[in-house]
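The values are calculated or read from the model by the stated rules, or taken from the named source; none is laboratory data. Model, not experiment: these values are computed from the prediction. For neighbour counting, all protein chains shown are included, and Cβ atoms are generated from backbone atoms with ideal geometry for every residue, glycine included.
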Amino acid sequence: MSALRTVDDRGARKAGGPQAGAGGRRAAVRAALMALPLLFFAAFFAYPVAAIVTRGLHQGGSWQFGRFADVLGDPGIRHVLWFTCWQAAASTALTLLVALPGAYAFARLDFPGRRLLRAVVTVPFVLPTVVAGSAFLALLGPDGFTDSLVGVRLDTSVWAILIAHVFFNYAVVVRTVGGLWAQLDPAQEEAARMLGSSRLAAWRRVTLPALGPSVAAAALMVFLFTFTSFGVIQILGGPTRSTLEVEIYRQTAEVFDLPTAAVLTLLQFAAVIAILVLHGWTVRRRESVLRLVDPAMTAHRPRGAGERALLGGVLAVIGLVILLPLGVLVARSFDTPSGYGLAFYRALGSTDGGTFSVAPWQTVGNSLRFAAIATVIALTVGGLAAAALVRRAGRLVRGFDALLMLPLGTSAVTVGFGFLIALDKPPLDLRDSWLLVPLAQALVGTPFVVRVMLPVLRAVDERLREAAAVLGASPWRVWREVEMPMVSRAVAIAAGFAFAVSLGEFGATVFIARPDNPTLPVAVARLLGRAGALNHGQAMALSTVLMGVCAASLLALESLRTTGSGEL
Amino acid sequence: MRNTSRRAVGALVLATAAATVLAACGGDSQDKSKGTTGSGATGGGSRTVTLVSHDSFAASKSVLAEFTKETGYTVKVLRGGDAGAAVNQAILTKDHPRGDVFFGVDNTLLSRALDNGLFTPYKAKDLGQVPADVQLDAAQHRVTPIDSGDVCVNYDRAYFTGHHLAPPQTFADLVKPAYKNLLVTENVSTSSPGLAFLLGSAATFGDAGGSGGWQGYWKQLKSNGVEVVDSWEQAYNDRFSGSSAGKQAKGDRPLVVSYASSPPAEVVGVTPEPAQSPVGVATGTCFRQIEFAGLLHGAKNTAGGRALIDFMLSKTFQQDMPLQMYVDPVRKDAVEPPVFVKYGAKIAHPTTLPPEKIAAKRDDWVSAWNAIVLK
């Protein structure tokens, strides 16, 4: 019935466009919505990053632009740039290939344990890469799973990196695409089939175009994440494979060659902006108004051999790529020198190890606190930004959209060091404030909020808003009564993302000097940095706790949502 | 229906708001409890002294409490990143220092810190108790030596016993065919023990080009199958077969570049206490790292900073360090804990290089090493 409208609604939208006076008011509303996000990004991203880049390029009273030629002319750097780009592209493609069937299964198929499993596949997202990398090394290395099964060692091949990237980013696709997929009205695809389309044709012509923007959003996030991959590359790539992120870290934190680091940072920016432009261009041509329904209505038990095989395949992939590596880590946390037991967990409660002045388990509280604050910041900033971006507009606003994505593609060490030198004097003297940690985390969470909210917000029919306005509802009331109910699911997904991202953020957090209240990932890294069975065992136990905290938080968030799943 | 969904959103908003309030309160109360111990010292008041350090810094609560009892100052510790990152951060923030004392610059980074004018001279009270050979800035006292540690090749005792093979003892041993494909080390550009091992070989074989100097040695090491990974964590926890973590991870390299203090670290917390540590030290492969503390230039609380540096050289702090940071005290009369005496290795003649030489040669050596070993 509304299949046609779904495919292309742009004509209708143009015809029903705003009048001149309303347009002016709308621009003012948009500017008001954009103010806070712009301020946030100016103060906590643009300013710190500009400060560290300027420090690098402006030395001894003059600009060091000559360094561009030096760095860009270095064949080693060109090789790094090439490897960074292609491994990110390959990882993104592989992740989409592996996870899209998963997105469908989680969105449309009803199977026992679905909610739990959806939380579990998000767990890798918060795991420190050193910890997960070590699990992959064990599975793919000598005497590992693949070696003993089929006699193949993958630990020195690029496949190890790609598979680990799928492990980390599977949830990005499942949650971003699946979130929208669950709300797409299946009646449209059914209508197309009734009108004579084959199943594949109906999917290709109706469902795929509708999903396009969210697939693109997921692809963008996976690309940016793998583009700035650090720990996975270090552990599984060996010393001969390096990404821009690794180089920037080396030049900033070890070699202390800030001019080179600044040039590399700008190079990273250039590459990320190119990707953002490409993404904006593909999405602009695809987005359309969709008919959204209650997700509970669209899910059904698997029907027929095809769907059962699909579900089986999805579960097998999850088992191999996600559960197996997680299992390795959990098993290690119980594997004490005197047999399997809880010794490492018990040690988390004491300060005897000397690594911390507080018992390691207390870092759980630190992490939850920081993540809760970061989530609120990210939801506020990202929510306002998404609201401002709902209605398409000119280049300036599109540029704002891209700006919000930049932190995802920026080196954590750049942000961390930038915070340090930029936020150390009035009016922004946050030198050793605990607030720096959630602020840095929110910077990474906000892009997720925007990317999850935007496709759903844009899918809300403009005519619903206009109808409400014509009937006399204030903009606030329109938002509260028309948009909010339809996007509450997206809000919950966005909150889950922001929370998980904050919980797992390590790169920037570790560089932010703070009084002794380390987060879980920082505590794990500290424990891993010390020799001895007890330290390493505690690192594994704490990682397991981190997994549990993540899964439990996401389940709690989801249950908040499902209590009100009667939308529309 | 709409009502339920709105209620859900309301609940979500409420829950996050509540979490924030709780979180903010939690954060506040934590800060307050820290502040009040220094009798109302907030905003960098004179009763708090701030120590800036790297992520490996650790001290017992009771020891820091003793400092407060003796001097009235409360120590606040800021840590950020590894040793290299922490020094770089301190240099970047030297116009607005984040604290009063910096601890954790070692001899491989000392010149960088001193050339950037990071510290104000201060001669610590008990310096007479510290051997002259670790006082690398004896003329000006901009930094005070606090601890030392040796980066050495460690070996898996069980492997060498099982194979009836004597473990290597010197740099020269490592290129012998008997030890082919046994050693794992760290990338010198990303790991400080990796760099220290390179410096140790340079101190031993010299800087002559061709096959004579350290470059020739590394060519031999490479043809003898040395494996290079990016971090100590990966080398010791994943690739080394002698550590308990490496055993779990099925590491298959019985030789690793690590620390002389790794053997005692391996047995801490293990019951019953073993007769020997599973890890041994090749005592002729060591490079000495010395860590220093210094009063930061522009410190707000110089009196407190001086008191803290004095305290770090006191017997109390020096004897606490070994089990906290797995390093050796520099103070001559400090007594090491029994586990160090029983399982640790005493390195009589470690290699070393002057900090100025390290600063001058470091970049060239790192790129030469890259060309030889990684290409």
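Going by what's in this entry, would A:V491 be described as part of a helix (DSSP H, G or I) and either more than 10 Å from chain B (Cβ to nearest Cβ) or farther than 26 Å from B:P97 by Cβ (or both)?
The answer is yes for A:V491.
Are any of the residues in the stretch B:344-356 within 30 Å of B:Q215 (Cβ to Cβ) and among the charged types (D, E, K, R)?
Yes, because at least one residue in the stretch B:344-356 is within 30 Å of B:Q215 (Cβ to Cβ) and among the charged types (D, E, K, R).
So, in the stretch A:122-177, exactly how many residues are within 14 Å of chain B (Cβ to nearest Cβ), part of a helix (DSSP H, G or I) and basic (K, R)?
The number of residues fulfilling the criteria is 0.
Within 23 Å of A:T414 (Cβ to Cβ), over 20 Å from the mean Cα position of the chain (by Cα), part of a helix (DSSP H, G or I) and of a type in the set (A, V, I, L, M, F, W, C): does that describe A:A525?
It is true that A:A525 is within 23 Å of A:T414 (Cβ to Cβ), over 20 Å from the mean Cα position of the chain (by Cα), part of a helix (DSSP H, G or I) and of a type in the set (A, V, I, L, M, F, W, C).
Select from the stretch A:534-568 the residues that are at pLDDT 75 or above and of a type in the set (V, I, T) and list them in ascending order.
Once the filter is applied, which keeps residues that are at pLDDT 75 or above and of a type in the set (V, I, T), the stretch A:534-568 yields A:T544, A:V545, A:V549.
Looking at the structure I just gave you, is A:A459 away from chain B (no Cβ under 13 Å) and surrounded by 18 or more Cβ atoms within 10 Å (Cβ to Cβ)?
Here the answer is yes, as A:A459 does meet what is asked.
Under the condition of being surrounded by 19 or more Cβ atoms within 10 Å (Cβ to Cβ) and among the aromatic types (F, W, Y), which residue from the stretch A:84-121 is farthest from A:L184 (Cα to Cα)?
So, considering only residues that are surrounded by 19 or more Cβ atoms within 10 Å (Cβ to Cβ) and among the aromatic types (F, W, Y), the one farthest from A:L184 (Cα to Cα) is A:F106.
When A:A442 is evaluated against the numbered criteria (1) at pLDDT below 80; (2) surrounded by 24 or more Cβ atoms within 10 Å (Cβ to Cβ), which criterion, by number, is the only one it fails?
Failed condition: (1).
May I ask you to verify whether B:A249 is free of Cβ contacts under 8 Å to residues at least 24 places away in the same chain, of a type in the set (G, A, S) and touching a Leu at 6+ places or on another chain (Cβ under 7 Å)?
yes
Could you list, in sequence order, the residues of the stretch A:336-360 that are more than 8 Å from chain B (Cβ to nearest Cβ), under 20 Å from A:P521 (Cα atoms) and at pLDDT 85 or above?
A:F344, A:Y345, A:R346, A:L348, listed by residue number.
Kindly indicate which of B:L118, B:L182 is among the hydrophobic types (A, V, I, L, M, F, W, C), closer than 22 Å to A:E254 by Cβ and modelled with pLDDT of 95 or more.
Going through B:L118, B:L182 in turn, just one is among the hydrophobic types (A, V, I, L, M, F, W, C), closer than 22 Å to A:E254 by Cβ and modelled with pLDDT of 95 or more: B:L118.
Taking the criterion of being under 28 Å from A:W181 (Cα atoms), within 12 Å of chain B (Cβ to nearest Cβ) and either buried (at least 24 other Cβ atoms within 10 Å of the Cβ) or not aliphatic (A, V, I, L, M) (or both), would at least one residue in the stretch A:382-394 satisfy it?
yes
Taking the condition of being among the polar types (S, T, N, Q) and more than 13 Å from chain A (Cβ to nearest Cβ), how many residues in the stretch B:339-368 meet it?
Summing the residues that are among the polar types (S, T, N, Q) and more than 13 Å from chain A (Cβ to nearest Cβ) in the stretch B:339-368 gives 2.
Considering each of B:K69, B:K123 in turn, give the residue that is over 20 Å from B:M321 (Cα atoms), more than 13 Å from chain A (Cβ to nearest Cβ) and charged (D, E, K, R).
B:K123
Being in contact with a strand residue (DSSP E or B) (Cβ under 6 Å, 6 or more places away or on another chain) and closer than 26 Å to A:K425 by Cα is the filter here; which residues of the stretch B:94-109 pass it?
Within the stretch B:94-109, B:H96, B:P97, B:R98, B:G99, B:D100, B:V101, B:F102, B:F103, B:G104, B:V105 qualify.
Specify which of the listed residues (B:Q318, B:Q324) is within 12 Å of chain A (Cβ to nearest Cβ) and not acidic (D, E).
None of the other options fit; the residue is B:Q324.
Could you grab me the full set of residues in the stretch A:186-245 that are assigned to a loop (DSSP other than H, G, I, E, B) and either on the phi > 0 side of the Ramachandran plot or more than 14 Å from every other protein chain (Cβ to nearest Cβ) (or both)?
A:L195, A:G196, A:S197, A:S198, A:T228, A:G238
Are any residues in the stretch B:110-155 touching a strand residue (DSSP E or B) at 6+ places or on another chain (Cβ under 8 Å) and polar (S, T, N, Q), and if so, which ones?
Scanning the stretch B:110-155 gives B:T120, B:Q135, B:T144, B:S148, B:N154.
Let me confirm something: among B:P329, B:P337, which residue is touching a residue at least 60 places away in the same chain (Cβ under 8 Å), within 21 Å of the chain's Cα centre (by Cα), surrounded by 13 or more Cβ atoms within 10 Å (Cβ to Cβ) and more than 18 Å from B:T285 (Cβ to Cβ)?
After applying the criteria, what remains is B:P329.
Using beta carbons and a limit of 8 Å, which pairs, at least six apart or on different chains, have the first residue in the stretch B:301-313 and touching a residue at least 12 places away in the same chain (Cβ under 8 Å) and the second one assigned to a helix (DSSP H, G or I) and surrounded by fewer than 21 Cβ atoms within 10 Å (Cβ to Cβ)?
Partner pairs satisfying both residue conditions: B:G304/B:T71; B:A307/B:T71; B:F311/B:E70; B:F311/B:T71; B:L313/B:L127; B:L313/B:Q129.
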